[in-house]
1. Mind counting the residues in segment 1-57 that are open to solvent by 30 Å² or more (accessible area, probe 1.4 Å), under 30 Å from residue 175 (Cβ atoms), in a loop (DSSP other than H, G, I, E, B) and not basic (Lys, Arg)?
2. Tell me, yes or no, whether segment 62-78 has at least one residue that is modelled with pLDDT of 95 or more, aromatic (Phe, Trp, Tyr) and out of contact with any strand residue (DSSP E or B) (no Cβ under 8 Å at 6 or more places or on another chain).
3. Are there any pairs, at least 6 apart or on different chains, whose C-beta atoms fall under 9 Å, with the first in segment 128-146 and free of Cβ contacts under 8 Å to residues at least 40 places away in the same chain and the second of a type in the set (D, E, K, R), and if so, which?
4. List every residue pair whose Cβ atoms sit under 7 Å apart, with the two residues 6 or more apart in sequence or on different chains, where the first one lies in segment 92-106 and is more than 15 Å from residue 79 (Cβ to Cβ) and the second, anywhere, is among the small types (Gly, Ala, Ser) and part of a helix (DSSP H, G or I).
5. Looking only at segment 174-214, count how many residues are of a type in the set (A, V, I, L, M) and farther than 25 Å from residue 109 by Cβ.
6. What is the residue count in segment 122-162 for residues that are open to solvent by 50 Å² or more (accessible area, probe 1.4 Å), over 15 Å from residue 8 (Cβ atoms) and of a type outside the set (Asp, Glu)?
7. Can you spot a residue in segment 120-130 that is in contact with a Phe, Trp or Tyr (Cβ under 8 Å, 6 or more places away or on another chain) and among the basic types (Lys, Arg)?
8. Going through segment 70-118 one residue at a time, which ones are exposed (fewer than 14 other Cβ atoms within 10 Å of the Cβ) and part of a helix (DSSP H, G or I)?
Amino acid sequence: MRYKHIFFDLDHTLWDFEANAIATLQELYEEHSLESLGIPSFDKFYASYSVINDKLWDRFRKGFINRQELRTKRFSLTFLDFRICNDKVCHDLGMRFLEVLPTKTALFPHTTHVLDYLREKDYPIHIITNGFEETQKLKMAHSGIQHYFTHIITSETCGRLKPHREIFDYAVNLASTKHEESIMIGDTLDVDILGAQEAGMDQVYFAPDKVQEGVKPTYTIRCLQELKEIL
């Protein structure tokens, strides 16, 4: 086999972050009666939150803000979008989001089928994620996929975020393999694909919705089942 170790991103690649986040935020919107505070609909709440959260995650990856700022500002800035200031509710939303989100179980189509296929072919399978250690492990445990992975490498444990080469080197060394014998599967060109590329690993760009232009990956797939044609 050309590849001896398989590395997956988690969010937006195996675990359907968007579907799970929508379900969580819908629950919190109703639980905290946000309409009564001046946020007229869940759709408007989610639209504002999504834009703000994406910007904050970008700043977090670049080292401009820390984990606590990311967790608190995404709700306080969303509230400010609706000209609302309520520190207590924002704090409560931040805490509840972290409690509820990892319990959601939506996976991308064919996730378990493909993981079973890879395991049957005796591939050691690992995770490389920028998510937080405890949260990511809870996501995998609740969705029933944690047992597939030999190593779960988080940026929190490694001390470096994707796309920095150090997290890929750390993962390869932990798995006792070589970069040229490894392949990274992820959904983000400038994080998963670029990072793996610069570390000397082949890459699979998972783009179920729309293929973005930019970095040229080794492979591009629209469905996880297409991995069976590569591995």
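1. The qualifying residues number 3.
2. yes
3. What qualifies is 133/156; 134/156; 146/137; 146/139.
4. Going by the 7 Å Cβ cut-off, the qualifying pairs are 101/21; 104/23; 106/19.
5. 5
6. Residues meeting the conditions: 6.
7. no
8. Across segment 70-118, the qualifying residues are 87, 88, 95, 99, 113, 116.
The values are calculated or read from the model by the stated rules, or taken from the named source; none is laboratory data. Keep in mind it's a predicted model, so treat the numbers as computed, not measured. Note that we place each Cβ from the backbone using ideal geometry, even for glycine, and neighbour counts take in every protein chain shown. Each accessible area value is taken on the protein alone, full model and side chains, heavy atoms only, with ligands, DNA and RNA left out. Shrake-Rupley method; radii C 1.70, N 1.55, O 1.52, S 1.80 Å.
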